[in-house]
Amino acid sequence: MISQRSIQQVIAAATVEDVVSYYVELRKRGANLLGLCPFHDEKTPSFTVSPAKNIYKCFGCGKGGDPIRFIMEHDQLTYPEAIRFLADRYGIELEETQRSDNYVEEKQERESLQVINDYARDYFVKQLWDSENGKAIGLSYFKERGFREVTIKRFDLGYAHKKPDDFTQEAVGKQYNIELLRTLGLTSKKDLDFFRDRVMFTIHSASGKPIAFAGRTLITGNKKIPKYINSPETPIYNKSNVLYALHLAKGEISKQNNCFLVEGYTDVISLHQGGIENVVASSGTSLTDGQVKAVKRYADTITLLYDGDAAGIKAAMRGLDVILKQGMNVFLVTLPESHDPDSYLQKVGKTNFEQYIADTRVDFIEYMARSVAKDYKNDPIGKAKAMKDVVSTLSLIGDSLKRTFYVQLCAEILDIKEVIIQREVSKTLKKKINQEKSRKKFRQNTGDQGPTPPPPSEESQWITEQSIPLDMPRESVGDIYKEKDLARICIAAGDQVITIDEGEETTIAAYVYSSIFDVIDYFDEPAYRDLIIEIFQKVESGEFDQDSYIRHDNERIRNLTIDAISSPYQYSKWPTPMHSQKVPNENFERDAANSIIRFKYEKIKKVIGKLKERITQLAESKEEESLNIALLALNKLNEEKKALAIKLGTTYG
């Protein structure tokens, strides 16, 4: 574990303007810096860097944080990885402290598994080049596929003997742990080799370490023998996050801002050998969110390069929704029938292959719309059914401007009024919002979110930004916005001292907490309530540190903090007497007072509603004493509600 002392050294050394400017072109705007957001597509800059606060904030997509968070988001690194990256950049030598016994054991296991995979890679490669069968069978196969020796070595291709336990016996003889061999799927429970009589493909991590293997049989005509077998998932291999050859392709993917995605290992190898290196494969699995995110680290465009037959198109369609959900651009190239990328490149050569891609590459949504128009030209019922898929796909596009463009394009291609498609897309989006509301309500009703705030790492217990879409009417989510506003104020200025009645001084956090204490049990979202209580307690004990919330492990809290201390506006230096006034986002005393009034007004309305139900029950049961007490309480609450309504300037009712 990296010591806290070293972490603080990195935090002190890393300035947000220095870190961000390495990736984003920034220009001066008042006290801040402005640029195009690296996390989403935009033409008008909304990405703001505040050197004074040492934070960044995009007012378009909502991303924000400190220099460490920027590196984590931009380069898809863990917190320790980001610390190490910045330490290396600023020449800081990191101190390591002792980890827990469990951590040490897990780390040692992962390192041991990696060592064994290194050995297995070397073993299979050696058998390919040095053994008689390896050269006669494996090497001959690869060369028949047109792979040159330099390519075979670059991809760590190998061969597994037909002998039942040749690899296992040799590995155990070299003192490798048999249990770890089984964990990696290299050895079966019966201590036999898992990979036998197959050519071997090494699967690497993004950094180039061998983490798994795939074996292809050369026996044809026997349906009982699977064509490919693969390593199981292990502590060092999660197939949902791995793309074949990403370690070799990532540089060119970044340079081209485009990743070609193909189906097979040999397709990847052939294209790389032919000089087209921004190519990866999903290793025989359906495309996953993790794999798309892995590409997104290097580019914002994926081009699906699949066979031109029906099976190839179907395979490409399976990946479309996953890519669109990540906000990436997706294109399709369909090859001539009977060809895959490997065979077509070898037939026409690199120049003609690249020209074919340039001539036939089409936006996938456009392709989808044209396919519907063509296939259902004289079938209105079939066209209507197919349109549901088009609408569903359009609803996955998060960028509203991009979505509007595609709605217009599909309307033109399908000869359907734009307003009709837009209406169906809106209905689909509204349905998703309502489903999310229902899930949230279910969680609340079943007690999933109790009064005690969860540990920061359990982000699933907190409301996410997606739970409250920006375009959702506020009344549809109860009083959560008012609760959020109070939490925002406490984070932004919880320790700020203000003067209240009769000159008494107190902090913003104490003022908020004491003002809402009588209705604190009526929060719709307990997480906001618990955050307010936590901040109040920290302010009272002198432990409140706003920076700790900027770097908080919980994304919900972190984003709320960035929102609280950021503003999309620059304030002018007003001439006297306006110059003496507080700028709007700094007037927390006024904001706190107004937010408390709005919050209490709504909560008292709810309490009154419940009390009226109780009064009805008491009247029916003729419990006179309890009824009189309830009526007195109702009268008092109505008076308080009326007083709050006057302060708000609303009609009492």
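Throughout, read-outs are computed from the coordinates displayed, never taken from laboratory work. Everything quoted here is computed from the prediction, not taken from an experiment. Positions of Cβ are backbone-derived with ideal geometry, glycine not excepted, and every protein chain shown enters the neighbour counts.
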Query raised in the report: Full extension from residue 225 to residue 537: what is 0.36 nm times the residue separation minus their Cα-Cα distance, to one decimal in nm?
Result: 105.8 nm
**Report entry** Order of 95, 505 under a 10 Å beta carbon neighbour criterion, fewest first
**Finding:** 505, 95
Report summary line: Surpassing 22 Å at the alpha-carbon level, of the pairs 53/296; 622/642; 209/296; 43/296; 162/189, are 53/296; 622/642
Report summary line: Highest mean packing first, using Cβ neighbours within 10 angstrom, the peptides 116-128, 82-94, 142-154 sort as 116-128, 82-94, 142-154
Query raised in the report: Rounded to the nearest 0.05, what FRET efficiency do residue 348 and residue 109 have when you use their Cβ-Cβ distance and R0 = 60 Å?
Result: 0.80
Report task. Straight distance only, please: which aspartates and glutamates reach the Cα of residue 57 with their own Cα at less than 16 Å, same-chain residues fewer than 8 apart left out? Result -> 17, 18, 25, 41, 42, 66, 73, 465, 547, 555, 563
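Please report the projected area of segment 101-237's Cα convex hull averaged over all directions, in nm².
With every direction weighted equally, the projected area is 9.1 nm².
How much length would be gained if the chain were fully extended between residue 81 and residue 548, taking 0.36 nm per residue of separation minus their Cα-Cα distance, in nm to one decimal?
Between residue 81 and residue 548, full extension yields an extra 166.2 nm.
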Requested in this report: For residue 377, go through the lysines and keep the ones whose alpha-carbon is under 22 Å away, minus same-chain ones fewer than eight residues off.
Outcome: 314, 385, 388, 417
Requested in this report: Using a cut-off of under 18 Å, list every residue of segment 1-41 whose amide N is near the label point 7 Å from the Cα of residue 90 along the Cα-to-beta-carbon line.
Outcome: 2-23
Query raised in the report: What is the pair-distance distribution P(r) of segment 246-414, computed from all Cα-Cα distances in 5 Å bins starting at 0, with each bin given as a whole percent?
Result: 1, 8, 17, 21, 20, 15, 10, 6, 2, 0
Query raised in the report: Once the mean 1/r over all distinct Cα pairs of segment 4-89 is inverted, what Kirkwood radius in angstroms do you read off?
Result: 13.0
**Report entry** Under-5 Å amide H pairs with residue 204, H placed in peptide plane, nonlocal only
**Finding:** 211, 245
Report task. Please name which of 92, 62, 80 has its Cα lying farthest along the dipole of segment 1-108 towards the positive end, using unit charges on Cβ (Lys, Arg +1; Asp, Glu -1) and the Cα centre as origin. Result -> 62
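Please list 532-538, 17-23 highest first by mean number of surrounding beta-carbon atoms within 10 Å per residue.
532-538, 17-23
Say the cut-off is 23 Å between C-alpha atoms; which of 250/350; 612/641; 402/482; 174/227 go over it?
Check vs 23 Å cut-off fails for 402/482; 174/227.
Packing-wise, with mean Cβ within 10 Å as the measure, how do 220-232, 64-76 rank, highest first? Working shown, then result.
Working: 220-232: 11.6, 64-76: 20.6.
The packing order, highest mean first, is 64-76, 220-232.
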Query raised in the report: Kirkwood Rh, Cα Rg: Rg to Rh for segment 173-315?
Result: 1.00
